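Q: Dropping a structure here in structure tokens format, bear with me for questions.
The values are calculated or read from the model by the stated rules, or taken from the named source; none is laboratory data. Computed from a predicted model, the values in this text were never measured in an experiment. Because the Cβ atoms are built from the backbone with ideal geometry, glycine has one as well, and the counts that use them run over all protein chains shown. Just so you know, the surface numbers come from the protein's heavy atoms only, side chains and all, with ligands and any DNA or RNA stripped out. Shrake-Rupley method; radii C 1.70, N 1.55, O 1.52, S 1.80 Å.
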Amino acid sequence: MTRLLAAAVAAVSLLALAGCAENPATGQPMFNMLSPDQERQLGAREHESVLEAFGGAYADPALQDYVDAVGQRLARHGEGEGIAYTFTVLDSPVVNAMALPGGYVYVTRGLLALADSEAELASVLGHEIGHVVARHAGQRVSQSLVAGLGLAILGAAVDTPELVDVAGFGAQAYLQSYSRGQEHEADDLGIRYMVQAGYDPQASAALLRKLHAQARLEARLAGRDPDSVDAFNIMATHPRALERVQRVAQAAAPGTAGQVERGAYLGVVDGLVYGARPEDGLVRGRSFVHPVLRFRFEVPEGFDIVNSDEAVYAGDGSGNVVAFDGARWRGTDMAAYLQGVWATGARLQEVERITVNGLPAATGTTRVQLESGARDARLVAIGYGEGQVYRFIFLTRPDMTEALALPLRRTTYSFEPLDAEAAGRVRPYRLRVHTVQAGETAAALAARFPHGDGHELERFRVLNGLAAGEEPAPGRRVKLVVE
Ligand code: ZN
């Protein structure tokens, strides 16, 4: 009785504090916990974490100005009275867009590469403005997105989230997304702003289709079933993509004319950095190269490398995994580091000091228990750079440990410093706009992509919004990825 009373009192005072207003965009009553000033303060605080989590602002003032101009043109039609909008292109290859309370709207360069026209960009920005105006934006947007991504990558590499604990990477395993109703509301508002600003609203459906194709491609690249994307995908804040495509295509009344601005847009994104940045390390075939930290290493044949924020993973799809990261330590005896700092909880065996390409190193083994079964674990610590240690964990199925011993030892000894010249030769991939010549096929154009993983044709099609089997028309401008 007393507890119930206390709860009721708490609820009443909460309601009094919150007040109840009508949302100017949706006409729905809403409980808003924060004043516009408080929202702005919250957004300003979270803004820094978003920048940090997504590689900072992309260093191209002309591109930033262009995106801001499109965003401001749409925001003039938003109902959020007095919201000062800030539009930022994030230097991240991840395909995403997001908004914080107080008018902070973000789009990644990964999403810009996928979009094909100013109208498609406008559809993304309009949708995010819709979230802001309808006040959907929750806290911790940035962290939850990052955590979700890390989890997806990890799952793909090892097929079990237990590696998180084993390796001590500690990714947060929860996702926070807007509800389906809120996504629909943001879509509807976005389309309204597009129409009012003079853009062709059909671009919304076109971009959503491309996002869906991209999610399927990402799943395939990670060795997962493409159909799984509709249950859990990289665009976790944009679920049920196909349903949204249909709704949006209907809402954007076919026949509504408007600006598309394809040529202008392609001119702006020509030369955009595509994929990972050198400062985050680059995957090049079976090699991982870090031109800024100045090292490289190679994984065995059959292992696919995935570079995440926390670590580099490589898996062979059979439950054997290489995990690699860096740590700070000021000592010089790598055996002391291995036993006394890194793996204090594990009973390491066969600990020995080794030398890897002239660098002090140590290795030891142990056995770990994962949900999917036992694994032999070999740990390797390599001292390289001032106060810096690089660490490998090789997890192998006990029945495969012997067969993989030599290939994985080669991975350890492939770790080598890069000199300035070699580091200077490592460049990021870039988007290049190309006019299709007569006789040029999708396969021929895809062959120019540098990935070398056999998925070039699908990458080309997804990037250019082409259906399977569809050929680009001569004279059409398409996007290529080049080194
Ligand atoms: Zn959304």
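Q: Specify the residue that is modelled with the highest pLDDT; the eligible residues are those in region 161-202 that are more than 16 Å from the ligand (Cβ to nearest atom), under 22 Å from residue 118 (Cα atoms) and open to solvent by less than 10 Å² (accessible area, probe 1.4 Å).
A: Our first condition is that a residue be more than 16 Å from the ligand (Cβ to nearest atom); within region 161-202, this holds for 161-174, 195-202.
From the residues that got through so far, the ones that are under 22 Å from residue 118 (Cα atoms) too are 195-202.
Filter once more, keeping what is open to solvent by less than 10 Å² (accessible area, probe 1.4 Å): 199, 201.
Details: 199: 94, 201: 89.
Checked region 161-202; the qualifying residue modelled with the highest pLDDT is 199.
Q: Ok, one more. Residues in region 70-107 that are under 23 Å from the mean Cα position of the chain (by Cα), assigned to a loop (DSSP other than H, G, I, E, B) and within 16 Å of the ligand (Cβ to nearest atom): how many?
A: Here the count works out to 5.
Q: Further question: Among 113, 122, which is the only one that is buried (at least 24 other Cβ atoms within 10 Å of the Cβ), closer than 15 Å to residue 63 by Cα and touching a Leu at 6+ places or on another chain (Cβ under 9 Å)?
A: Residue meeting the stated conditions: 122.
Q: Oh, and also: Mind checking which pairs have a first residue in region 423-437 that is without any contact (Cβ under 8 Å) to a residue 60 or more places away in the chain and a second that is assigned to a strand (DSSP E or B), Cβ under 6 Å, 6 or more apart or different chains?
A: Every condition considered, the pairs that remain are 434/478; 434/480; 435/477; 436/478.
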